[in-house]
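Participant: Below is one structure. I have some questions about it.
Bear in mind that the values in this text are calculations on the coordinates, not laboratory data. Small disclaimer: the values here were computed from a predicted structure and weren't measured. Positions of Cβ are generated from backbone atoms using ideal geometry, with glycine treated the same way; all protein chains shown enter the neighbour counts.
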Amino acid sequence: MPDDFSQRYWDAAREGRLLIQRCTACGRPQFYPRRHCRHCLAADPEWVEAAGGGELHAFTVVRWTPDAAFAGEVPYVFALVDLDEGVRITCNVLDADVDTLSCGQRVTVVMRDVDGWALPCVTTTERSP
Amino acid sequence: MTSPWSGEAAIVGAYESPRRKAPGMHPYALHAEVIRGALADAGLELGDVDGFCTVASMPPEGGRDMDLIEIAEYVGIRPRWFDSTDIGGAAFVSHAGHAALAIHAGLCEVVVVSYAAAGRSWPLPYEDLPSSPYGPGQWEVPYGPWTVASYALAARRHMDVYGTTAEHLAAVAVQCRANAAGNEHAMYRDPIAVDDVLASPCIAEPLHKLDCCVVSDSGGAFVMTSRRRAERLSGGRPVYVLGAGEALGQVHMNQMPDLTRTVAAQSGRDALERAGLGIDEIDCAQIYDSFTYTVLVTLESLGFCAAGEGGPFVASGAIAPDGRLPINTDGGGLSSNHPGRRGALAVIEGVRQLRGDSPGVQLDGARTCLVHGTGGFLSATATVVLGV
């Protein structure tokens, strides 16, 4: 749910861009976004755009959930992806043949339209350059 | 080096509610019931209690931000020392360690640690989410996390990295069920086989329904006091707190550095070092079993087997009553009792086991028991080492 700080992230997502952060003091990347660097506590890390490539770090095919908001979504893939920039994001894997997924597989960031806002997710399908 | 407070506090009373379903009972009524049972077991009275630990911030526990005060008010305890550390199911294991220190420091003399929840029946709304969808949660909650999914994510990673199988995970559920067979209060007692676990409905791959703990209405309490007072109690069979440790990990899965290792590596090492014991000197263990994977990753993280060896370790019979490390001798959360945060019940079974009155499987001559809690989404851990 966007707030004053995160509005920029969600606005960029609506434009098809995934933003992560990089510390201007120690140079290290981080996710999720914060107003400080979690490595060195320096203020105001800069926003940088991720290229959109990454590896599937872990995933589960959710077959049942008590959450009414997601009951209509099952089966869905709840996953962690390591972006090439060196940060790990939570996401869903879309359009996947769930029986062929494996950790380490290459994935590409795609935006999913959810009630008018864009939710960064990934797909295993090759995206043409 | 052994800590100066090692063995200076003892658990002198323990009581687990025989209830598994308690429709219509507010969780606070369960608190009063189990505190009465634990004090009776200790040979102490409400007026003796000057320390109190509990937490009830989850909806099935009936409380909110002032839960500690409200339960003390409801039960009738006026403590001069208290603790309400809120780290998921590990909380009450953490409280045992804190209470041992407080008793040693002379801040209080008789501490009650109490837990109750109506996970099945109490009609309170419950959202199974790691955090608020505002703030840090906005980068995880929109993707459909819930407890089973988050543990499944880690289990799947362990399988990919180490070749762990669904059969390995199932071996934990099979052993807990076998241990529950003799426990008349256990929620499920009929034996199961690995194939039964694999044939039960898949909730979130690779976790099946029988890889998950039961959901009960229940509670438990234990009473701690100083070594001196413990030795003066008439019916006393004191079980000493030899060491304790705790550690924080993360709430969001995207912040967990290694899904195949929990912060049990720290809490376990600290607890053993403070107890002055090596891991080979542990006779048995009560290992938090929210899910089969929780046990497997915890055994590795504590050092009972090497990283990646948890699957073969549990499948080899090492966790059986005649194995290297018998665990969850009452049937654990997987078969006996799990109202939502089991840590207190694991401590109670550790105490019963060392006193020789386990309701499940009583071992011969166990002198030390490691009790380990894992809270939240592999989020935090607490370990205590008990001895007689």
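Participant: Consider segment B:47-73. How many of its residues are touching a Leu at 6+ places or on another chain (Cβ under 9 Å), crowded, with 22+ Cβ neighbours inside 10 Å and within 20 Å of residue B:224 (Cβ to Cβ)?
Facilitator: Total satisfying the criteria: 7.
Participant: Next question. Could you list, in sequence order, the residues of segment A:71-93 that are more than 19 Å from residue A:50 (Cα to Cα) and either aromatic (Phe, Trp, Tyr) or more than 7 Å from chain B (Cβ to nearest Cβ) (or both)?
Facilitator: A:71, A:72, A:74, A:75, A:76, A:77, A:78
Participant: Considering B:325, B:370, B:363, which residue is in contact with a Ser or Thr (Cβ under 9 Å, 6 or more places away or on another chain), aliphatic (A, V, I, L, M) and part of a loop (DSSP other than H, G, I, E, B)?
Facilitator: Of the residues listed, the single one that is in contact with a Ser or Thr (Cβ under 9 Å, 6 or more places away or on another chain), aliphatic (A, V, I, L, M) and part of a loop (DSSP other than H, G, I, E, B) is B:363.
Participant: Follow-up. What tally of residues in segment A:95-111 results from selecting those that are within 12 Å of chain B (Cβ to nearest Cβ), surrounded by 15 or more Cβ atoms within 10 Å (Cβ to Cβ) and closer than 21 Å to residue B:252 by Cα?
Facilitator: Result for segment A:95-111: 1.
Participant: Of everything in segment B:341-357, what is closer than 25 Å to residue B:27 by Cα and surrounded by fewer than 24 Cβ atoms within 10 Å (Cβ to Cβ)? Give them in sequence order.
Facilitator: Residue satisfying the conditions is B:352 alone.
Participant: Can you find a residue in segment A:118-125 that is of a type in the set (A, V, I, L, M, F, W, C), within 12 Å of chain B (Cβ to nearest Cβ), part of a loop (DSSP other than H, G, I, E, B) and buried (at least 21 other Cβ atoms within 10 Å of the Cβ)?
Facilitator: No, segment A:118-125 has no match at all.
Participant: Then there is this: Sort out which residues of segment B:190-206 are more than 12 Å from chain A (Cβ to nearest Cβ), assigned to a loop (DSSP other than H, G, I, E, B) and under 24 Å from the mean Cα position of the chain (by Cα), and write them in order of number.
Facilitator: Matches in segment B:190-206: B:190, B:191, B:192.
Participant: Pairs needed: first member in segment B:96-108, in contact (Cβ under 8 Å) with a residue 12 or more places away in the chain; second member anywhere, among the polar types (S, T, N, Q) and not in a helix (DSSP H, G or I); C-beta distance under 7 Å; at least 6 residues apart or different chains.
Facilitator: Short answer, once both residue conditions are applied: B:98/B:85; B:103/B:225; B:103/B:226.
Participant: State all residues of segment B:303-322 that are more than 21 Å from the chain's Cα centre (by Cα) and over 10 Å from residue B:171 (Cβ atoms); if no residue qualifies, say none.
Facilitator: The answer is B:306, B:307, B:308, B:309, B:322.
Participant: Looking at B:357, B:330, which one is free of Cβ contacts under 8 Å to residues at least 12 places away in the same chain and closer than 24 Å to residue B:37 by Cα?
Facilitator: B:357
Participant: Let me confirm something: among B:232, B:237, B:189, B:227, which residue is surrounded by fewer than 24 Cβ atoms within 10 Å (Cβ to Cβ) and under 24 Å from residue B:121 (Cβ atoms)?
Facilitator: Every option except B:189 fails the conditions.
Participant: Separate question: Can you find a residue in segment B:60-79 that is touching a residue at least 40 places away in the same chain (Cβ under 8 Å) and under 18 Å from the mean Cα position of the chain (by Cα)?
Facilitator: Checking segment B:60-79: at least one residue is touching a residue at least 40 places away in the same chain (Cβ under 8 Å) and under 18 Å from the mean Cα position of the chain (by Cα).
Participant: In segment B:147-161, which residues are facing another protein chain (nearest Cβ under 8 Å), crowded, with 21+ Cβ neighbours inside 10 Å, over 20 Å from the mean Cα position of the chain (by Cα) and under 9 Å from residue B:260 (Cβ atoms)?
Facilitator: B:157
Participant: Moving on. Of the residues that make up segment A:41-57, is at least one surrounded by 17 or more Cβ atoms within 10 Å (Cβ to Cβ), under 19 Å from residue B:151 (Cβ atoms) and within 14 Å of another protein chain (Cβ to nearest Cβ)?
Facilitator: Within segment A:41-57, one or more residues are surrounded by 17 or more Cβ atoms within 10 Å (Cβ to Cβ), under 19 Å from residue B:151 (Cβ atoms) and within 14 Å of another protein chain (Cβ to nearest Cβ).
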